[in-house]
Amino acid sequence: MKRKWNVSMLLFVLLFAYAGEAAFAKEKELPQLAENAASAILIERDTGEVLFEKDSDNMLPPASMTKIMTMLLIMEAIEEGTIKYEDMVIVSENAASMGGSQVFLEPGEEMSVDDLLKAIAIASGNDAAVAMAEHIGGTEQEFVKMMNAKAAELGLENTQFQNPNGLPEADHYSSAHDLAVMAKELLKYENITSYTGIYEDYLRKGTDKEFWLVNTNKLVKFYPGVDGLKTGFTQEAKYGLTATAEKNGMRVIAVVMGAKTPKERNATITNMLDYSYSHYSTERLHERGDLIGEVPVIKGKDRHVQAITPEPVSLLLKKGTKLEEIETKIELFENVEAPITKGDTVGQLIIVRDGETLSRTDLVAAEDVENASWWTLFKRMLSSFAGK
């Protein structure tokens, strides 16, 4: 694949807020938002910009916030078509044996991916997490390898998993920063909040084994805009929460680890969310999946592949600042060689102000492109000789 860049477009996009310091730089003096937490971080979801942090790289036990990675791999598998929401999963003895938070799955019981995802997202079911891990990975151990591979792919330097549910185990750790990155990646799949944002629901509804699910994240009910993501608690980890909220088109992610009580945990998250919405706003430039351009394909069944945004693209604006111009630069590969897999990088979308790059977003292939058959290549050659 050739990696030369081609500047295909330079557009005026909008007026950008700025005065004094850059809006994207962290404030020199941040308020004390997480005094009662061991570690914390607050980011804007689309840009990934850090709005506040406290010891965010410290390696700590994540408890059930581990399930953010588990849900990410579930959503990826659904996106790729390897599993479907309606697929039935057979619960193993191993999955049914999990202690802690559970939905009391029984060995041999069948439950849909849809219901198991509810059990994980709402009730933090350890048994449901292992059932899904085995369904996707074949074994729990193979799924854990997938979790760690994904962590490496995301560049998470302070994370290592030993299980898919967060039950205490040696060398099982993460950090507030890494959990925020996982949450950012999970939120690419917008349907996930239709699970994590549910406050109460039922499993096996209408049967004699009906089970009431109540969200362990009480902010879903009590803080407007909160629709996820995952709580965590063990004696070692204390109380943690990776929360996300969306207001006025701006989505933020707040992570707290090591709070002493659930009240302190929720109060800290609330303060962080209040801070973000009182000091910042965002301007959405592109939605996930927006078509940005096309890239020529060498020896492909199709001659071109569409370049799309893999996630929303936004600008983070600090409130109370002046306006000035920004530009969007789209740089596409000159060509790519088949075969191409959906999601392969084929260019970049760059936000620029006064020659300074504010953000870069990879543009990806919208679909697979297979190798062209010899007959297709032969016909193309004849057409080129004929001047067509």
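Looking at T376 and the list (1) polar (S, T, N, Q); (2) in contact with a Ser or Thr (Cβ under 7 Å, 6 or more places away or on another chain); (3) outside any strand (DSSP E or B), which single condition is not satisfied?
Of the numbered conditions (1) polar (S, T, N, Q); (2) in contact with a Ser or Thr (Cβ under 7 Å, 6 or more places away or on another chain); (3) outside any strand (DSSP E or B), the odd one out for T376 is (2).
Out of E29, E106, report the one residue that is farther than 22 Å from T244 by Cα, at pLDDT below 95, in a loop (DSSP other than H, G, I, E, B) and among the acidic types (D, E).
E29
From the list K188, K118, K184, exactly one residue is closer than 22 Å to G343 by Cβ, part of a helix (DSSP H, G or I) and touching a residue at least 40 places away in the same chain (Cβ under 8 Å). Which is it?
Only one candidate passes the filter, namely K184.
Quick test for you: out of H177, H135, pick the one residue that is closer than 22 Å to E79 by Cα and open to solvent by 60 Å² or more (accessible area, probe 1.4 Å). Walk me through how you get there before you give the answer.
Working: H177 fails: closer than 22 Å to E79 by Cα.
Answer to the check: H135.
I'm trying to understand the selection: among the residues of the range 55-84, which are polar (S, T, N, Q) and surrounded by 24 or more Cβ atoms within 10 Å (Cβ to Cβ)?
S64, T66, T70
Tell me whether the range 359-370 contains one or more residues that are open to solvent by 30 Å² or more (accessible area, probe 1.4 Å), part of a strand (DSSP E or B), closer than 27 Å to F52 by Cα and out of contact with any Phe, Trp or Tyr (no Cβ under 9 Å at 6 or more places or on another chain).
There is at least one residue in the range 359-370 that is open to solvent by 30 Å² or more (accessible area, probe 1.4 Å), part of a strand (DSSP E or B), closer than 27 Å to F52 by Cα and out of contact with any Phe, Trp or Tyr (no Cβ under 9 Å at 6 or more places or on another chain).
May I ask you to say which residue of E80, E93, E86 is free of Cβ contacts under 8 Å to residues at least 12 places away in the same chain and more than 30 Å from I269 (Cα to Cα)? Reasoning before the result, please.
Details: E93 fails: free of Cβ contacts under 8 Å to residues at least 12 places away in the same chain; E86 fails: free of Cβ contacts under 8 Å to residues at least 12 places away in the same chain.
When all the criteria are applied, what remains is E80.
When you scan the range 238-317 for strands (runs of 3 or more DSSP E) that lie fully inside it, which ones turn up with 1 or more residues that are touching a residue at least 40 places away in the same chain (Cβ under 8 Å), under 28 Å from M59 (Cβ atoms) and open to solvent by 10 Å² or more (accessible area, probe 1.4 Å)?
Result: 238-247, 250-259.
So E153 clears everything in (1) at pLDDT 95 or above; (2) open to solvent by 10 Å² or more (accessible area, probe 1.4 Å); (3) touching a Lys or Arg at 6+ places or on another chain (Cβ under 9 Å) except one condition, right? Which one?
(3)
If you check E185, E86, E80, which single one turns out to be closer than 23 Å to S56 by Cβ and of a type in the set (D, E)?
The unique qualifying residue is E185.
If the Cβ limit is 6 Å and pairs must be 6+ apart or interchain, which residue in the range 150-175 that is at positive phi pairs with which residue that is of a type in the set (S, T, N, Q) and open to solvent by less than 50 Å² (accessible area, probe 1.4 Å)?
So the pair list comes out as G166/S64; G166/T66.
Within the set of pairs 6+ apart or on separate chains, which have a first residue in the range 323-339 that is under 10 Å from V305 (Cβ atoms), a second that is surrounded by 17 or more Cβ atoms within 10 Å (Cβ to Cβ) and modelled with pLDDT under 85, and C-beta atoms under 7 Å apart?
If the second residue must be surrounded by 17 or more Cβ atoms within 10 Å (Cβ to Cβ) and modelled with pLDDT under 85, the pairs left are A338/A372.
Looking only at the range 76-103, how many residues end up being in contact with a Phe, Trp or Tyr (Cβ under 9 Å, 6 or more places away or on another chain), among the β-branched types (V, I, T) and outside any helix (DSSP H, G or I)?
The number of residues fulfilling the criteria is 1.
The values are calculated or read from the model by the stated rules, or taken from the named source; none is laboratory data. Since we're looking at a predicted model, the values are computed, not measured. Virtual Cβ from ideal backbone geometry, glycine too; neighbours counted across all protein chains shown. Heavy atoms of the whole protein, side chains included, go into the accessibility calculation; ligands, DNA and RNA do not. Shrake-Rupley method; radii C 1.70, N 1.55, O 1.52, S 1.80 Å.
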